[in-house]
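The values are calculated or read from the model by the stated rules, or taken from the named source; none is laboratory data. Keep in mind that this is a model prediction, so the values were computed, not measured. With ideal geometry, Cβ positions are generated from the backbone for all residues, glycine too; neighbour counts draw on all protein chains shown. Heads up: the accessible areas ignore ligands, DNA and RNA and are worked out on the full protein's heavy atoms, side chains in. Shrake-Rupley method; radii C 1.70, N 1.55, O 1.52, S 1.80 Å.
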Amino acid sequence: MELSRRNFIKFAAGGLGGTMLSPLPWKLIDDIAIWTQNWSWVPVPARGKFSYIKTVCTLCPGACGIEVRKVGSRAVKIEGRSDYPVNQGAICPLGMAGLQILYNGGIRWKAPMKRVGPRGSQEWKEIPWDEAIDELAIRIKGLRDKGNPEKLAAIDGNQSRSTMALLIKRLINSIGSPNYMFMPREEDTHATANFLMQGTNGPIAFDLENADLILSFGCGLLDGWGAPGRMLSTWRQWANNGKKHKTYLVQVDPRASNTASKADLWLAPFPGTEAALAMGIAHVIIKGKLYHKKFIENHSFGFYDWFDEKGVEHKGFSKIVLEKYSPQMVENITGIKRRVIIEVAKKFASAHAPIAIAGKGKGTLPGSLYEFMAVHALNALKGRVNKEGGSLITDDVPLAQWSDVEYDSVAKDGLIKERVDCAGTPQYPFSRSLIHKFTDAINSGHGSPIDTLLLCSANPVYTIPDSQSFIEALAKIPFIVSFSPFMDETSLMADLILPDHTHLEKIVDIVWPTGIQYPLYALSQPVVKPIYRTKHSGDVIISLADRIGGQVAGSFQWTNFEEALKERVRGLYDSGNEKVSWADIKKNGYWYIPAHSFGRWTDIFKTPSKKFEFFSTEIELALKAYSKEKSFDNALINLGISSKGDEVYMPHYEEIKSGADKKEYPLLLFPMELINLASGWIGNPPFLNKTLFNHQLKRDDLFVEVNPKTASQYRLKEGSKAIIRSPKGELKVRIHLFDGAMPGVIFVPFGLGHTAYDKHLKGKGVNPNKIIDQVEDPLSGQPVWWNTRVELIKI
């Protein structure tokens, strides 16, 4: 059978269902035991008493409950907690393999270290903690004495609402720098879309457990998305519901992922056209008048044509959708057949509790803002906002607020300086952090606008696209401090190492894990005493503030990190929702309220119109402000927006164009995430490398997934060696022929290709971030990860 696009789509409905329903490849038993027997750092417990400690896994923002089994003082096994509300006993492979992160001394910094040789030489000197903290404090005080506190910057990888994130930001701001940045994440795209359409800033919450139809635009629900344990547990719940209460899943994905293979319907549009598909579905709903009339007429703004206060007529969302996004037009854009678009739209409209969600893979990478708005517009059309089984509007967990920082004159002068990354400026009004612009600002000048950079729970040299540009920027920064517990790629470029504990050695919190449908405060606790001479980063920051002195020290009134936690937690008791003490939370590891006020629409929207906005007033205000500096047309060009008129302020499809020549680079690179491959700042535990098949990783060779038809055009066969080349560089790979890969697209997994850590990680495979050509998403300014054009060369 010729693998045309039509046959590729047929594959989703036919053979895929039979070939992909085998269990997930988590071979964590016999072969691992044999393979690991001779490792010096494999846990070999002495005889002793068995004990169990309940805590929370913080290796990802999912905050799944875990139970750690110990023999004497040594942890020997990690399992999911059945009494924990998020995951109910389920656990992902990374969480299960967490002991290797704790006990592998070959990847950990064991004490504070000072670089004594050239950067990259790995020549280090172990120093006392007091000397290490003093050195950083003296440097920061020097910046303040010179009136340059803004030359301090931080890149943070902690969860956004966590106490660690707030503490780091408080330090940077109290010193007088506006340059607190955080790693790119999908959570921020969701938050921006909700702010523009709902006016809300609360946590993202989806009541998937009570939905009867899920329209997932790329979310890898079985590939590690959100809280992985939650999704595995929820999938089990759906499977046990029976046909009468079945949850129907439509997965939109260019590749036959685990989620796509187990979905009821798999749609594979051309990558980057998902917003057009959402708009095509909206067209069918609007044309057939299948929308929720009460919600649309009483609680939304911009759906119908309208006149502003000056008497100017504006097109409504409904008219624009009907004019520009007919199923046939959308088929021409996405490749999804007209009849399939109509079928999905009618099924979504007729479901009792449907929900549409947007994302990619594990949900750790930022998405396209207009796409997320287009997907959320489907929820609004059916009145699925704040409804059981829908997208929920939430308030923050009622934690107590710390006292305000009292800024001295140095800090006040520094904070009014423009951020180095341009986030929050008129050109990027809705962005709070743009690390690629930070990189550009440093590389575009002769010197660096940043003197001292702090890196916390982040490994950007490995995890951000176009990593070589970031490496070049680091080389220009005079002083770099890493708080990483690991000898990762970024910490090896530092001048000073202040190593944190690992996740099983410290107490930290996660506030409302992304996507959870109820307020939850999760608290981990130490399972073992620190193995090495490491120190909790929260304690280090408090000590650092004290040594800087003045009003900086006055802003950190705690003697240690746990006191800062306890002060916030007091708000849970004071809220009156459910009386809880600090001792209760330490014992259970969580606080939550398993309830939500469903159905409220009259007072929940905080937009200027006090309604759900298809026409975003916030976008209109931002563009008016920006167009004062430039003409309106030039403002749109600078923002990357090609649409005109009222469509600019509404959900719509924007083609994100690569600057590469399609003739020279005819294929598309699409990074993918696997549930059994750590793809964030923490390296993959060696156990998980053994769960990869030989057609994924063989010795040091990474295999990429290529459709057989595409491979034949380049005379490539199974196992062939090839080079993937982009304008940013090239990768040497091997080919795995996969019918579930879209023709014309090369799928490369995140999580391998490390140049640091130990022999079990270093040099295994390649890292696609090295060749990703960053293109900014319209309006948000965040880099797009799935739009790099490449060529394939047979070796």
Scanning the stretch 63-85 for residues that are more than 16 Å from Ile101 (Cβ to Cβ) and buried (at least 22 other Cβ atoms within 10 Å of the Cβ) gives Ala63, Gly65, Gly80, Arg81, Tyr84
I'd like the full set of residues that are touching a Leu at 6+ places or on another chain (Cβ under 9 Å) and not in a helix (DSSP H, G or I), limited to the stretch 128-156.
Leu152, Ala153, Ala154, Ile155, Asp156
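Can you name every one of the helices (runs of 4 or more DSSP H) wholly within the stretch 472-575 that holds 1 or more residues which are of a type in the set (Lys, Arg) and modelled with pLDDT of 95 or more?
Once the helices (runs of 4 or more DSSP H) in the stretch 472-575 are filtered for at least 1 residues that are of a type in the set (Lys, Arg) and modelled with pLDDT of 95 or more, what remains is 537-548, 561-574.
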Among the listed residues Trp591, Trp582, identify the single one that is open to solvent by less than 50 Å² (accessible area, probe 1.4 Å) and without any contact (Cβ under 8 Å) to a residue 24 or more places away in the chain.
Trp582
Does Ser22 qualify as being open to solvent by 30 Å² or more (accessible area, probe 1.4 Å), at pLDDT below 50 and part of a loop (DSSP other than H, G, I, E, B)?
yes
Where residues in the stretch 698-714 are farther than 28 Å from Gly272 by Cβ and touching a residue at least 12 places away in the same chain (Cβ under 8 Å), which of them is least open to solvent (accessible area, probe 1.4 Å)?
Asp701
State all residues of the stretch 642-657 that are in contact (Cβ under 8 Å) with a residue 60 or more places away in the chain, surrounded by fewer than 20 Cβ atoms within 10 Å (Cβ to Cβ) and not charged (D, E, K, R); if no residue qualifies, say none.
Ser642, Gly645
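Being open to solvent by less than 60 Å² (accessible area, probe 1.4 Å), among the acidic types (Asp, Glu) and over 30 Å from Thr607 (Cα atoms) narrows it down to one of Asp253, Asp264, Asp308, so name that one.
Asp253
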Checking the structure you have, find out if any residue of the stretch 315-322 is open to solvent by 20 Å² or more (accessible area, probe 1.4 Å), more than 24 Å from Phe747 (Cβ to Cβ) and in a helix (DSSP H, G or I).
yes
Residue satisfying all of: in the stretch 345-368; in contact with a helix residue (DSSP H, G or I) (Cβ under 6 Å, 6 or more places away or on another chain) and in a helix (DSSP H, G or I); farthest from Met672 (Cα to Cα) among these
Ala349
Starting from the stretch 259-281, take each residue that is at positive phi and list its partners that are of a type in the set (A, V, I, L, M, F, W, C), counting only C-beta distances under 6 angstrom and pairs at least six apart or across chains.
Gly272/Ile656
Taking the stretch 554-567 and the residues there that are in contact with a helix residue (DSSP H, G or I) (Cβ under 6 Å, 6 or more places away or on another chain) and open to solvent by 20 Å² or more (accessible area, probe 1.4 Å), the one that is nearest to Asp395 (Cα to Cα) would be Lys566
Without any contact (Cβ under 8 Å) to a residue 12 or more places away in the chain and open to solvent by 30 Å² or more (accessible area, probe 1.4 Å) - does that describe any residue in the stretch 203-221?
no
